[in-house]
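Read-outs throughout are calculated quantities, based only on the coordinates presented, and are distinct from any laboratory measurement. Just so you know, these numbers come straight off a predicted model, no measurement behind them. So basically every Cβ, Gly included, is an ideal-geometry build from the backbone, and we count neighbours across all protein chains shown.
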Protein chains: 2
Amino acid sequence: MPDKIAIEKKVLSENDLLAQELRTKFQENKVFVFNLVSSPGSGKTSLLEKTLGLLQDKLNIALVVGDVQTENDADRLIQAGGKLVRPIVTGGSCHLDANMIHKSIQQFNLNEIDLFVIENVGNLVCPSSYDLGEDMKIVLISTTEGDDKPLKYPGMFRKSSVMVVNKTDLLGFSDFELHKVKENARQINGQLEIFELSCRTGEGLDTWIDWLLEQVILKKKEI
Amino acid sequence: MPDKIAIEKKVLSENDLLAQELRTKFQENKVFVFNLVSSPGSGKTSLLEKTLGLLQDKLNIALVVGDVQTENDADRLIQAGGKLVRPIVTGGSCHLDANMIHKSIQQFNLNEIDLFVIENVGNLVCPSSYDLGEDMKIVLISTTEGDDKPLKYPGMFRKSSVMVVNKTDLLGFSDFELHKVKENARQINGQLEIFELSCRTGEGLDTWIDWLLEQVILKKKEI
């Protein structure tokens, strides 16, 4: 079906152009932006709840929260104290695109924001193709999935700069092995920065938070 | 982007036509076919490993196993004793389509098969749009995901006839509540048949297997 491929290429190239505009805008305002991607249920919203709890006294954090339906995740983040939370209900689309982010940022004053977080739709395939103007994609994986996920969904792990392994409190309840997921991930992308943590117990969150804070500060120093 | 929507509609309608051909072919051969869908990591392959172990002495089971990359899942099912296992590596595509199944069934003698299983790509969004000629979609969800998944990914739960809740041995390790996931699922689709089981401990597998065997027998009796 060459028609379909041609159209997909056109859509992606239009998306890339708009993403580049967004990137420039974020850059001008020295906002650090990450695009959080994972399967449904890996714990994206839980990680953001914890991150808000630990960082919102220090930083102005904006969160744009994508879901196919419902504003449940956005509501959870508001309950976790998020002051700048905006849902995007995609109404069927399996990913966020640059146009959705473009519309969404009209609701914020970027100049007052330090950290801009995009929680993508839970999907380990399609969001990897859509640049949203972010500084980096961060892929979340949980220990209750399989440790071969990086090999089976390589696109996402290739496009991400960071892998966060969540639910370390559940290690040992399945065949998932931490060293294997790391080996598999680094086989796909040798540059991946890796964090291990449990949103439930809090283990490992401090390292994640320190790193995140550092990224925000580095961004402010960029000329 | 009306172009994109028009092309998508065309692709889906071509897919539906081919799926209808497949359905007729399966019907003629009285093969019961299910299309197993879920997020990555919910346990599709584990459920099929257990199902093979418990049913392959009674039935001729064919398995077509979709993955974006790797034949890992197909290899696992061969190791679990599967004699008629065929991988489909989609090479980036986020779902199986009827054309892939059409090519794949050339490798089987449908007349000798009782149960035909399609393990879809791990993705709770896109596979819901693609009819593969199956008798039913079966959606798998695990207790380590969120109990609001049916509300957040309604398309998949609306298109499925059965929901299997896996990893019941991990109930209590998260906020996931069994009664809530059932309520949410039935809110989307009041006709859903629901099974609860743990592939790890084996709890609940007998009910699943009995039901599956019944579907195969009912199919044989269809005129």
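Here are the numbers for this structure:
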item: For chain A, built as a Gaussian network whose Cα springs stay under 10 Å, the top-fluctuating residue of A:148, A:175, A:67; result: A:175
item: Between segment A:76-105 and segment B:155-208, the Cα center-to-center distance that results, in Å; result: 28 Å
item: Neighbourhood charge, 11 Å Cβ-Cβ cut-off, centred on residue A:40 and excluding it, Lys, Arg +1 and Asp, Glu -1; result: -2
item: Loop-located GluC sites (Glu not before Pro) in segment A:158-205, at most 16 other Cβ atoms within 10 Å (DSSP); result: A:177, A:203
item: Residue exposure sequence - B:208, A:211 - by fewest surrounding Cβ within 10 Å; result: A:211, B:208
item: Segment residue B:207-residue B:158, length gained on full extension (0.36 nm per residue, minus Cα span); result: 15.4 nm
item: Across the identical copies, how the residue B:211 labels are spaced - nm, sorted shortest first, 7 Å along Cα→Cβ; result: 4.1
item: Coil-residue trypsin sites (Lys or Arg not before Pro) of segment A:51-88, DSSP, other Cβ within 10 Å capped at 13; result: A:58, A:83
item: Residues B:173, A:157, A:34 arranged by fewest to most Cβ contacts within 10 Å; result: B:173, A:34, A:157
item: Listed residues A:124, A:47, A:55, most fluctuating in chain A (Gaussian network, C-alpha, under 10 Å); result: A:55
item: Computed magnitude of the charge dipole of segment A:171-223 (debye, nearest 20; Cβ of K, R +1, Cβ of D, E -1); result: 220 debye
item: Length-normalised contact order of chain A in % [C-alpha pairs under 8 Å, at least 6 apart]; result: 24 percent
item: Lysines with Cα under 22 Å of residue A:10, excluding same-chain neighbours fewer than 8 positions away; result: A:103, A:159, B:4, B:9, B:10
item: Per-pair calculated FRET efficiency, R0 = 25 Å: residue B:173 and residue A:194 via Cβ, rounded to 0.05; result: 0.60
item: Ascending count of other beta-carbon atoms within 10 Å, so fewest first, for A:168, B:143, A:90, A:24; result: A:24, A:90, A:168, B:143
item: Label geometry 7 Å along the beta-carbon vector: residue A:110 inter-copy distances in nm; result: 5.4
